[in-house]
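Working notes for the structure below.
Each reported figure results from applying straightforward, stated rules to the coordinates on display, with no laboratory input. Everything quoted here is computed from the prediction, not taken from an experiment. Because the Cβ atoms are built from the backbone with ideal geometry, glycine has one as well, and the counts that use them run over all protein chains shown.
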Amino acid sequence: MPERWQVRLVLYPETKQLNHITELLSSLMDSGIYPTEQIRNVYFERWEIECGYGEIKHQLLDDSILLRSQSAIDVRQVICGILLIYNLIQVEISLIAKEANVSPLRISFCTAIREKVKQYILPEKRKRPKRRSVRISKIRYPIQSKHA
């Protein structure tokens, strides 16, 4: 590691949002190649990705490790399944937000998972009117198949 880092301070315009970021440090020094607005956009895009990873790891997977597969193909399949579930939940959040006429950022990921699950709970099994019994075959000898 070098003793000194040269960094660029990127400032954000004043906003009225609570806990809004006001500045960040970047190692991308050349403002001609890396305009300030582009750095801001990339930072927020990256922040959204990190929040998504956090939601997957903490809420969706409950901090457990599920990649126990023995082959790389199976691991990829598990990861694809997890990402598919995450994206389906995000679609559901978008639909809820559209119906409620609010921003999707106001819909809790954790609540969206828990609330939707309730509608898929199956009713209790009904009891059978009669006990199950094994019927005895009336044929005493095995039937020969033409294909045997």
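Summary table
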| read-out | value |
| --- | --- |
| Max mean-square fluctuation residue, GNM over the chain, Cα-Cα springs under 10 Å, options Asp62, Asp30, Asp74 | Asp30 |
| Charge context of Tyr86, other residues only, Cβ under 12 angstrom, K/R +1, D/E -1 | -1 |
| The range 1-90: chymotrypsin sites (Phe, Trp or Tyr not before Pro) in DSSP coil with no more than 11 other Cβ atoms inside 10 Å | Trp5 |
| The chain: most fluctuating residue of Ser94, Ser103, Ser71 per GNM, C-alpha cutoff 10 Å | Ser71 |
| Residue among Leu25, Leu67, Leu88 with the largest mean-square fluctuation in a Gaussian network model of the chain, springs linking Cα atoms under 10 Å | Leu25 |
| Long-range amide H partners of Tyr12 with built H, under 5 Å | Glu23 |
| Residue-wise HN-Hα coupling along the range 84-101, computed from phi with Karplus coefficients 6.51, -1.76, 1.60 (Hz; x: Gly, Pro) | 5, 4, 4, 5, 5, 5, 5, 5, 4, 4, 4, 5, 4, 5, 5, 5, 8, 6 |
| Note, ³J(HN,Hα) from phi for the range 40-55, Karplus 6.51, -1.76, 1.60, rounded to Hz, x at Gly and Pro | 4, 5, 5, 4, 5, 5, 5, 4, 5, 5, 4, 5, x, 4, x, 5 |
| In the range 1-61, trypsin sites (Lys or Arg not before Pro) in a DSSP loop with at most 13 other beta-carbon atoms within 10 Å | Arg4, Lys16 |
| Length-normalised contact order for the range 1-64 - Cα pairs under 8 Å, 6+ apart - percent | 26 |
| Structure-derived Rg and Dmax of the Cα atoms in Å: which label, when the choices are (1) 28.2, 92; (2) 15.0, 52; (3) 19.7, 82 | (1) |
